[in-house]
Each structure stands twice: as C-alpha cells, then as structure tokens.
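Worksheet: the structure to be examined is printed underneath.
The values are calculated or read from the model by the stated rules, or taken from the named source; none is laboratory data. What you see is a predicted model, and the numbers here were worked out from it, not measured in a lab. Glycine also receives a Cβ, built like all others from the backbone with ideal geometry; neighbour counts cover every protein chain displayed.
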Amino acid sequence: MGAHKGRKLDYQRCPLCDAFKSKRITSLAKHFEEEHKKSAQEVWNDLNGGAIKCKCGCGLNTKWNGWGKGYSEMIAGHNGKIYVVCTPEDAAKIAAKRSAALMGKEGWSKDLTKENDSRVAERAQKTSRGRRKAINEGKIKIWNSGLTRHSDERVAEAANNLKEKFANGDLVPWAKGLTKETDGRIERMSHKVSLSLQRKELRDRLDSMKRLNVDEVKSRIESSGDFEVIDGLQNYTNRSSKVIVVKCKTCNEVISGSVNSLWRGKCFHCSPGGSRAQEDIARWIESIGVKIIRNDRRTITGNELDIFCPQRRVAIEYNGLYWHSHINKSSAYHNNKSKLARQLGINLLHIFEDEWRDRQDVVKSIILDALGLNIVSSVARFEELSKESARNFFAKNHIDSGSHNSIVSFGAINELNEIVAAVNLKKITHLSKSDYVEISRFCASTVAVLSLQDKKTLLTRACQWAKSNNFNHVQYTTDARLNYLDSNLFLELGFIQKKITPIVWWWTDMTNRFNRFKYKADSERGLTEAQVAESAGVVKIWGCENSVFVLNL
C-alpha cells in the first residue's frame, strides 16, 4: 500500500543485517520471515528487551500493533487507571482533555436501561456473552483475580478505601431498605435464587450439609479406621462444632474436633495439616531423607505451601479435585501461587488428586527429579522407536496417559536395551502453517533421568529429523505446574520463547479430570458450553500459564 496523500514514508531498514530497506513495512516483515526466520514481533522483542508490560501495573503484555507502532502502552480498558500510572499533573490534564471532548455531547442511550429499551437490552446480552466467552478462553484477564488484600497492596488499599466510605456514609448499599415487593431488581434476584435451588446437584449438596444424627456422626468419623469416638456426641449440634472427642488409633492421642475435620481421618498430632493423600506424599518424601515443612505459611506471605523442602527449594501442592475446582478456587489461584514461588526461587509442583491416585510412580519420579534425587541413567545409543514401543513407554512413564498421534518418536536406550527416555513429534493441526511440528511428549522412565547432555542429544536428534523432513519449526509447550525449569533446557538448545499461553484448564466431575474439548457447545441442541457442562455434572479446574518455545530450523 502506498503512502496516504500528502504523507511521505521513510525507508524501513532491516536492523539485523542492514542489507535490506523498503518503504513497505509488509516487505520488511516478509524479509524477517524469509531471511532471518523470525516474525516482526520477535525481532522487535529482541531489540527492545521483550514485550511491553501494561503501564497500569497489572503485569500483562499489551497489544502488538505491528512493526510501525510496536506495542500499546496499556491494555484496552486499563487506561482508566490514569491516577495510578501518571503523575497527578499529567492525570489532571488527561482527565480535563477527556472531559472537554465529551462536553455538550449527549449519548444516545442516556436515561435508557435494558428494562425500558430493547437496543440497550440486546447490547447488554451480547456484551455479557462476549465477555464471559473471552474470560473463559483467557483472552480477558481480570487484573485482581486471585489476589487478596493480604497478597497485593492495591487490593488492600481499595478494600480499606471502600470500608471507610461505607463507614462514613459516603456509600450506601444499593439494596438497603428494598424488598422484592418494592423493587424489580430484588424481585428478579429472588427469582434467580429460587431457580438455582431447584437444581438437583445444588439441593443434594445442601442436603449433605444438614445435621446428622449421632449414630451417623459416630459411623462417619470411625469409617476411616483411624479414630475411635470416645465422647462429645451428646453435645453435637452441627458439623462445625468442635465438640467430638476421639482417640487416634496410631498415636493414642486424644483430640477434639468437628465432624467436618474428623471424618477425613486426619489426626492433628500425626498429621498437622492437609488431606490424607497430602500426608502420604509428605511421609514418602521424609522416607527418602528429605526434611520438609508441612503447611508452611511463612515463606510466601498470605499463602500456604502444603509441603516445602527448604534445602532443595522445592514445594508440592496437593490439589484435591473438589476443593481446587472452580467452585472453590479462582482461575488464577494456582498460577498466582506459582508466580510468587518462582520469584523466591522455589520450584512449585501442583499434583492433582487423580494423578497421585492413578499414576503415583510417575508423580514420585517427577518429585524425585525436582529434588535432584533421581538416578541418572547411562545411555548406550539413541534411535527411532516403533509406534508401539513409543506408545507403551509414554503410557507407562508420562503424566498424561492419553493418545498423542505422533509421526515419529526417538528414544535413549541403555546397555540392557531398555528405553530410559523418549521424545515424539506430531504435526500441529490447529495452525495454518504446515511446516511446524510439536514435541508433545518428552519424559524419562519412572526409575531414572537423563543427564543434561543426553537430554540435549535426544532432543537434537528429533529436531534434526524435523529439518531433514522439510519442517522449518519445532514447537514445545512447557508444563509449568510440574516443572517450569524445563524452559532453561530448551533455551540452551536455541529455542526462543514465542508466547505465554492462557491459564490451562480441564473439566472435572470431582473424581477425574477431562480434556477441555470433551464438553463443548452443542449448536444442534442450542446448548452453550456451560449448559453442556452443567448437564454432564462437570466444572472447570485450573492449572497454570505455560510457555511456548519455537526452534527455527
């Protein structure tokens, strides 16, 4: 495209080779791709120290606007925080400029609401659907999601300001003094609550919270086999009352607690905190000679680490599927805790309930690897694996046991002719570019790990195959919730960090996790994704952001 009338364009010169120049930014971008195997955005990032963070302080990358403009200064919608990111003088100038631009103008929707105007109602519905979809897909991130006044100064300041305004009478609850008989909004809210209580799963959950009779209390607490109820049943009134006295069959300690705390079989003397499975992990780590701290709340202010190995700078979070699902934890909860841990140099592993239950050998291997205690295996040779051999190896040794549809796999073989590590490649079907392959599985056996050099050799072998078969890019996505240190290995091999993914998630029925594509919107039945999930009895459970690395061959 030529210049606009009356506008003169300067030559754009390639900053990498200085041998190319053009008045067309598109030509320059094409030059980057063909000669340097990089996108214009990647080149810009290399020259300017990475993407631009939003000036509001949320820590997110701003929008890329092309080579000519670079990145935006702020994320759309965050520019309302002018008093946070600007000096008082500059903020006042911006506010005055905005006010002057709107002076004397009247919006078309003034005094209209969705109750009295169909256009406003339709627009509200579209906005609601669009924002909900964008939030679920990770395209929109609420800046304070997962943050509390204990972990973030901005949230604490906002909470204090709000508290003072209510105390001074500057703010009054909007529904104060209103009833469903006098206000239509209250009536609609009441109707929604009534409909919610008609849902079977919610009724069942509320029913499960009702008061038990004393025989049920005794039976439930003693069902674990760890406790014997010796007193307090006559004082029982509800599940939260700490009046039940029991004797631990393991340590003979006599303790008191509520039905809610005792029926899981957790002795506060034997197991100071956490679930039974969490305690199993803690005891296993202690059995291999590693000192741990249970339920540590000192290392990360305002956050608890289930199991912390201070000498190894490794922490383990045990994530029960119900208590860590979207019902009880925000989408950013696990990711924020991982970020805080990384800032302190701690490798935080998130272990889900179904992983410890069903793939315990793999989980133990991952923990041993993080602790630096796994046996380093000797490698005799590297070779291409048959599809059956690769499938069997990954099914036994990889944390994700599902199908991976690889086009080729390579393994590290020891002197006993056993596969001790493997990597595979598959085509990326969701990209229009056909010259990309992805490393979808990469792991060692559950009884050993590879040396750093052998890991590099195995990965290099796979990348060489990709190049010889006319692929120009190899992509790998880290699993940050299990080991963010993988990033260092791929950077040393020449991979570049392409992007940070939205926070990954799964569906869960509180017993197992399922791929996020298992329950999708059903257009034939006119059901949204949320409605399909609700009918299947599943909810979301969240992981962490991952990094996508690409090697240009």
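Being assigned to a loop (DSSP other than H, G, I, E, B) and crowded, with 21+ Cβ neighbours inside 10 Å is the requirement here; does SER406 meet it? Yes; evaluated as a whole, the condition is true for this residue. Within segment 488-536, the residues that satisfy the criterion of being assigned to a strand (DSSP E or B) and either within 28 Å of GLY146 (Cβ to Cβ) or at pLDDT below 90 (or both) are GLN497, LYS498, LYS499, ILE500, TRP505, TRP506, TRP507, THR508, ARG513, PHE514, ASP522, LEU527. All of (1) within 14 Å of SER445 (Cβ to Cβ); (2) in the same structural domain as GLY543 (by TED's automatic domain parsing); (3) in contact with a Lys or Arg (Cβ under 9 Å, 6 or more places away or on another chain); (4) not in a loop (DSSP other than H, G, I, E, B) hold for ALA395 with one exception: (3). Against the conditions (1) buried (at least 20 other Cβ atoms within 10 Å of the Cβ); (2) under 30 Å from TRP284 (Cβ atoms); (3) in the same structural domain as LEU482 (by TED's automatic domain parsing), LEU416 satisfies every one except (1).
Summed over segment 48-76, the residues that are closer than 23 Å to GLU153 by Cα and touching a residue at least 24 places away in the same chain (Cβ under 8 Å) give a count of 7.
Of all residues in segment 241-262, those satisfying the criterion of being at pLDDT 70 or above and either closer than 24 Å to GLU353 by Cα or not in a strand (DSSP E or B) (or both) are SER241, LYS242, VAL243, LYS249, THR250, CYS251, ASN252, GLU253, SER258, VAL259, LEU262. When segment 492-538 is limited to residues that are under 26 Å from SER128 (Cα atoms) and charged (D, E, K, R), the one that is surrounded by the fewest Cβ atoms within 10 Å (Cβ to Cβ) turns out to be GLU524. Against the definition (surrounded by 18 or more Cβ atoms within 10 Å (Cβ to Cβ), under 27 Å from the mean Cα position of the chain (by Cα) and free of Cβ contacts under 8 Å to residues at least 24 places away in the same chain), how does ASP479 come out, yes or no? Here the answer is no, as ASP479 does not meet what is asked.
Only one residue in ASP522, ASP486 is among the acidic types (Asp, Glu), without any contact (Cβ under 8 Å) to a residue 24 or more places away in the chain and more than 20 Å from GLU438 (Cβ to Cβ), so which one is that?
On the way: ASP486 fails: more than 20 Å from GLU438 (Cβ to Cβ).
ASP522 is the lone residue from the list that is among the acidic types (Asp, Glu), without any contact (Cβ under 8 Å) to a residue 24 or more places away in the chain and more than 20 Å from GLU438 (Cβ to Cβ).
Any idea which residue in segment 229-240 is modelled with the lowest pLDDT, counting only those that are assigned to a loop (DSSP other than H, G, I, E, B) and buried (at least 16 other Cβ atoms within 10 Å of the Cβ)? Result: ARG239.
Within segment 348-363, can one find any residue that is assigned to a loop (DSSP other than H, G, I, E, B), free of Cβ contacts under 8 Å to residues at least 40 places away in the same chain, over 17 Å from VAL314 (Cα atoms) and not charged (D, E, K, R)? Full working, then the answer.
Let us first name the residues in segment 348-363 that are assigned to a loop (DSSP other than H, G, I, E, B), namely 359.
With the extra rule that they be free of Cβ contacts under 8 Å to residues at least 40 places away in the same chain, the set shrinks to none.
No, there is no match, as no residue in segment 348-363 is assigned to a loop (DSSP other than H, G, I, E, B), free of Cβ contacts under 8 Å to residues at least 40 places away in the same chain, over 17 Å from VAL314 (Cα atoms) and not charged (D, E, K, R).
Restricting attention to segment 274-305, the residues that are surrounded by 15 or more Cβ atoms within 10 Å (Cβ to Cβ), touching a Ser or Thr at 6+ places or on another chain (Cβ under 9 Å) and not polar (S, T, N, Q) total 6.
Restricting to segment 119-141, give me the number of residues that are outside any helix (DSSP H, G or I) and in contact (Cβ under 8 Å) with a residue 12 or more places away in the chain. It would help to see each step written out before you state the result.
First, the residues of segment 119-141 that are outside any helix (DSSP H, G or I): 137-141.
Subsequent filtering for residues that are in contact (Cβ under 8 Å) with a residue 12 or more places away in the chain retains 137-139, 141.
Here the count works out to 4.
Against the test of being among the β-branched types (Val, Ile, Thr) and under 29 Å from TRP505 (Cα atoms), the options ILE399, ILE375 yield a single qualifying residue, ILE399. The conditions of being among the polar types (S, T, N, Q), over 20 Å from LEU348 (Cβ atoms) and outside any helix (DSSP H, G or I) are not met by ASN483.
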